[in-house]
1. For the full complex of protein chains and a 1.4 angstrom probe, list 256, 57, 31 by accessible area with the highest value first.
2. Under the definition of Cα pairs under 8 Å and six or more residues apart, what whole-number percent is the relative contact order of segment 80-139?
3. Can you order the peptides 127-137, 241-251 by their average number of other Cβ atoms within 10 Å per residue, highest first?
4. Which whole-Hz couplings ³J(HN,Hα) result when phi for each residue of segment 74-87 is put into the Karplus expression 6.51 cos²θ - 1.76 cosθ + 1.60, θ = phi - 60°, listed in order with x for Gly and Pro?
5. Tell me which of 25, 201, 297 sits at the most positive position along the dipole axis of the chain, charges placed on C-beta atoms (Lys, Arg +1; Asp, Glu -1).
6. Quickly work out the residue 60-to-residue 280 label distance, labels modelled 7 Å from Cα along the C-beta direction, and quote it in nm with one decimal.
7. Considering only protein heavy atoms, what is the solvent-accessible area of residue 280 at a probe of 1.4 Å, reported in Å² to the nearest 10?
8. Evaluate E = 1/(1 + (r/R0)^6) for residue 272 and residue 35, where r is the Cβ-Cβ distance and R0 equals 60 Å; express this FRET efficiency to the nearest 0.05.
Amino acid sequence: MERIFIAHVPAASAETLRNAIQRGIEALGLTVPRHRRIFVQPHCPWAHPRFAPHAFTPPSLLESLRVLFFDNSLELGTSSLPGFPSRYAMKRAGYFRWARSHGLALWPLDEALGRRSAEGLQVPDVVRQADMLIALPRLTGSGFLGFAGAARHHMFLFSPSDHLQAYPRLPEALVDGLTVRPPDLILLDATQVLHRGGELAGEPVPLSILVLGTNLLAVDLIAAVLYGFEPQEVPWIRLAIQRGLGPTSLTELQITGDLSLEDLCQLGAKIVHADPLPERYPWPPQVRVYRSEDEPSWNIPGSLMEALWVLERGGISLAKAREAAIVIGSVGALPRPRTDTAAAILLGDSARADYRGYSRIVRLPGHHVTVARLLMDLPYILQVASMRSELGWGFLWESIRYALRRHVRLGRLQA
């Protein structure tokens, strides 16, 4: 049976977290290694004090690991959602300052070189070469998957292009990646869980829980319960079970620690799931979304919802948006607009519509339209905000630096 350790951490200080992790390691039958190269992967899909203030692993958890694994060589690295430069997010999360103060190596993984696995996924060399990989996922909602936990976090190890290409078939792609350099230790941070939103923005609710395990699927069976889901109802979990990638049910878990499965179910009842369908979002009356039923919620609809929750969290109102019809997939004829300035916004390559009468036609191309692209372009098209101005020169500068680094790196590889 797969072992899972549940720690109750009412005060998420570095000392309390360290004690909880040490108890969990012992309960899992592991030992703290010595003189090893350990790679720590925090969760940082984005970080911003206004728009994404709770999306990332807090430095207090990193400090608890640094002290616990002091007799080893620790390296820290992570990647952000496609379109968000990891270097920018890691600075905003405080990782650069923390790593410098302790003389630790820091790796923005979207800039790291890597090789492709047998499954065709590119993993950074710095991760492959580590003696131990410790994953630090956070438990949040997700416009793509309902909730984000250990398996979703594992995707951030892969190259940005692999990550981007996964969205049209996200459940299958997520399961495909479970066996590619799986972590040796998983610490699921459910001390503060994001609900009423997605992976970047939501309302934090304190659950004061750390979940420790060594199997991605096993940890996410618990994550599903904590987030108020029946695990077998989650599509990717069903697929992973069918492929034999972990326990088939909660009854196959050996749960130890401070709380029982019944306790976790009661905590899960606190979670409020945000509606993942953009056509049901409370848009102002002049804005409508038209989505084909053939378009899966985990692709472009998921990105749109994540972007909307970020705007909502940042206090950017859509009330005065220009009249617009947002199209996802092939939807036929749009209703005639009421104004002569209405915009038809086509999201993705598959968006099709009869948009006669609309004065402005805008297409955001691609099999997947990223959250970053939607945040930059949608408020501007709707004439409610300029996110480039809101985020400032720091975000723009890191975006340019990332593009230049990527161009140079690709040139070296081709040479």
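The values are calculated or read from the model by the stated rules, or taken from the named source; none is laboratory data. Because the structure is predicted, anything quoted here is derived from the model rather than measured. In this analysis, Cβ positions are derived from the backbone assuming ideal geometry, glycine residues included, and neighbour counts consider all displayed protein chains. Calculation scope for accessible area: heavy atoms of the full protein, side chains included, ligands and nucleic acids excluded. Shrake-Rupley method; radii C 1.70, N 1.55, O 1.52, S 1.80 Å.
1. Sorted by accessible area, descending: 31, 256, 57.
2. After rounding, I find 20 percent.
3. Result, highest mean Cβ count within 10 Å first: 127-137, 241-251.
4. 9, 10, 10, x, 7, 9, 9, 4, x, x, 9, x, 4, 4
5. So the residue furthest toward the plus end is 201.
6. The modelled label-to-label distance comes out at 3.5 nm.
7. 150
8. 0.80
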